[in-house]
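These notes are about the structure you will find just below.
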Amino acid sequence: MASRFPILYIAEADASDAILSSGVLAYLVEAMPQASFTVVGSPRSAPLFADTPRLDRLIVLERDSRLDWLGLWNKVRETRWGLVIDMRGTTLSGKLKRQKRAVRGAWEVGVHAVEQAARVLQLEDVPAPKLFVSDATRAKADSLIPAESVAVLAIGPGADWMGKVWPSERYAKVAVALVGDGGPLEGGRVIVVGDDNAREAAHVLRLSLPRNRVTELQGRLSPLETVAALGRSALYVGADTIWTDLAVASGAPVVAVFGPSDEAEHGPWGGIAVRGPRSVDEYRKIDPNLNQAIQHMNDLPADRVLKAATKLLAGRAAR
C-alpha cells in the first residue's frame, strides 16, 4: 500500500555530517506517523539509517559521478513526494515532483552543525542527533557485553589523524578514577569502541583496570551496533571522531576531548567539549591545514577531563 505521505531524505555523504543532521529525520519520524521514508546516502552514511522506522527504501549512491546521480534520478523521479529534504544541496531535488522541498544552503561559519540542520526545516526547537536501532541490532551489541548490573563507561580513544589522538594513559587515568574505588561509576565496566586505531589505548586500559573489567569492542561492531552499545553507557569519553558523534546520537552523556577542532561547529551536542590551553586558531598557526604529523593533544591534562566527567555525572544524578 502506497504511503499517504512519502518523504525523500538525501543525507550527506560524510558519515559524521550525516549523524549530526540525523535529528531532523528523527523529528519527522516521530512527528509524522503517517509518513514513510526513502533515504539516500553514500556507502559511509546510508547504513546509519538502515533501522529507521517505516523505511521504504535505502538507496546507496556509490560514487558522486554524473552517472550515479542519473541512476538515482531514475529510481526516485516517478514518485510524487510529500516532502523532499536535501542535506546535500543538490540540483536533483529541485527537479523532483513534490509538495514541499527543504534544501540545505551554504555552510554557516561559527554555527553548530546540529543547528544548521534544524534550519533546513526552519525548526524552532533544535532536535538532537538521533539514530534508530532495531531489536536485532541491539541484540547483536548486547551479546558482546556481559550481562551484569553495573554502570558502563564507554571510551572512544582512536582517531584517524594523530593530531586528534589524546594519550592512552590519560584515558586510562580518567577511567580508573571513574570506575575505581570511590569513583562515581565505582565497580563499572569499561567498553572500548572504535576501529583498529583504538587498539593501543584499549591495551593500556586493560592493563590499568582490574582483570575482566574491560570489554574491547573496537572493530567488532557496525556503526549502528555501536549506537546500541553506547546507549547502555552511563558516560562516554572520546576524541573528536565519528565514534563520539555516534555516542551523541545514542543519547549517552558525552565528554569529548578537543584540540585542533572547533567545538563551536562540531562539538558534542548536549555534552561537554574539553580542550587544552590553545584555541583552534593557535593550532592553525603551526599547522595551517590541520593535517601534519603533530601530537597536538598533549597539552590537555587528564584532570581537566576527569573534572568535566564528574561534573556531568553529578548533574545527571541530581535530576
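The values are calculated or read from the model by the stated rules, or taken from the named source; none is laboratory data. None of these values were measured; they are calculated from a predicted model. Here the Cβ is made from the backbone with ideal geometry for all residues, glycine too, and neighbour counts use every protein chain on show. When the accessible area is computed, the model is the full protein with side chains, heavy atoms only, and any ligands, DNA or RNA have been set aside. Shrake-Rupley method; radii C 1.70, N 1.55, O 1.52, S 1.80 Å.
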Probe 1.4 Å, protein heavy atoms only - accessible area per residue of the chain in square angstrom: 46
Distance histogram for the stretch 178-217 (every C-alpha pair counted, 5 angstrom bins, percent rounded to whole numbers): 6, 26, 30, 22, 12, 4, 1
Alpha-carbon Debye profile of the chain, log10 I(q)/I(0) at 0.07, 0.11 Å⁻¹: -0.30, -0.71
Peptides ranked, highest mean first, by Cβ atoms within 10 Å: ranges 239-249, 294-304: 239-249, 294-304
Contact order relative to length of the chain, as percent, for alpha carbon pairs under 8 angstrom and 6 or more apart: 16
In the chain, lysine pairs with alpha-carbon atoms under 26 angstrom apart (chain gap of 8 or more, or interchain): 13
Cα-based shape type of the stretch 155-229, given that a ≥ b ≥ c are square roots of the gyration tensor eigenvalues and the cut on a/c is 1.5: oblate
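For 169, 12, write out the residues from largest to smallest accessible area, computed with a 1.4 angstrom probe and no ligands counted.
Putting 169, 12 in descending order of accessible area: 169, 12.
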Accessible-area composition of the stretch 18-150, carbon plus sulfur, in percent [1.4 Å probe]: 49
Theoretical FRET efficiency, 1/(1+(r/R0)^6), r = Cβ-Cβ of residue 292 and residue 4, R0 41 Å, to 0.05: 0.15
Under 5 Å, built H, 5+ apart or other chain: amide partners of residue 88: 104
Calculated over the stretch 275-319: convex hull of Cα atoms, volume per residue (Å³): 92
Distribution of pairwise C-alpha distances over the stretch 147-188, 5 Å bins, in %: 6, 22, 24, 20, 14, 9, 6, 1
Tensor-based shape of the stretch 1-158 (alpha-carbon gyration tensor, a/c under 1.5 rounded, otherwise prolate or oblate): prolate
Helical mean residue ellipticity (222 nm; -39500 (n - 2.57) per DSSP H run of 4+; nearest 500) of the chain: -10000 deg cm²/dmol
